[in-house]
Amino acid sequence: MRTKLKSIDQIRKTFQGVFEREGKKVNWNGYSEPTLLLYHIKDEAGTVVADHLWFSMTKAFEALGTLQKGDVIEFEARVSVYRKGYVNRAMNMSKRSTDYKLSRPTKVRLISKKNE
């Protein structure tokens, strides 16, 4: 669990993360949706609050253009709780747990390119 995010649940703050790669997830309608992975997520005080987080590829992230591994991105987001894991009712099994994420990223901007 991301305990440092838990302590600021529901608070909107400025964060920075390092771009790792793009990916895909399947949405509720079964369609593929682009995502991006940021790691070494820090708050404005420089405290690492999460080792990595996945984000949907929003228009704000798309507006940054082509990202390279190592690019630093700054954004504002709200800390929120979510349930992760799976449930298999047929086998009476539940592997669900609570974790924290950064949601609704806004004011997304590129802080530094890897090659600069």
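The values are calculated or read from the model by the stated rules, or taken from the named source; none is laboratory data. Everything quoted here is computed from the prediction, not taken from an experiment. So basically every Cβ, Gly included, is an ideal-geometry build from the backbone, and we count neighbours across all protein chains shown.
Values as computed for the structure displayed
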item: Test result for residue 30, over 22 Å from residue 2 (Cβ atoms) and of a type outside the set (Lys, Arg); result: yes
item: In region 1-57, the residues that are in a loop (DSSP other than H, G, I, E, B) and in contact with a Pro (Cβ under 9 Å, 6 or more places away or on another chain); result: 57
item: Unique residue being within 16 Å of the chain's Cα centre (by Cα), farther than 29 Å from residue 7 by Cβ and modelled with pLDDT of 90 or more when the list is 101, 107, 59; result: 59
item: Pairs with Cβ under 7 Å, 6+ apart, first in region 64-81 and in contact (Cβ under 8 Å) with a residue 12 or more places away in the chain and farther than 17 Å from residue 107 by Cβ, second surrounded by 14 or more Cβ atoms within 10 Å (Cβ to Cβ) and of a type in the set (D, E, K, R); result: 69/20; 80/101
item: Region 62-98, residues that are within 18 Å of the chain's Cα centre (by Cα), assigned to a loop (DSSP other than H, G, I, E, B) and farther than 16 Å from residue 22 by Cα; result: 85
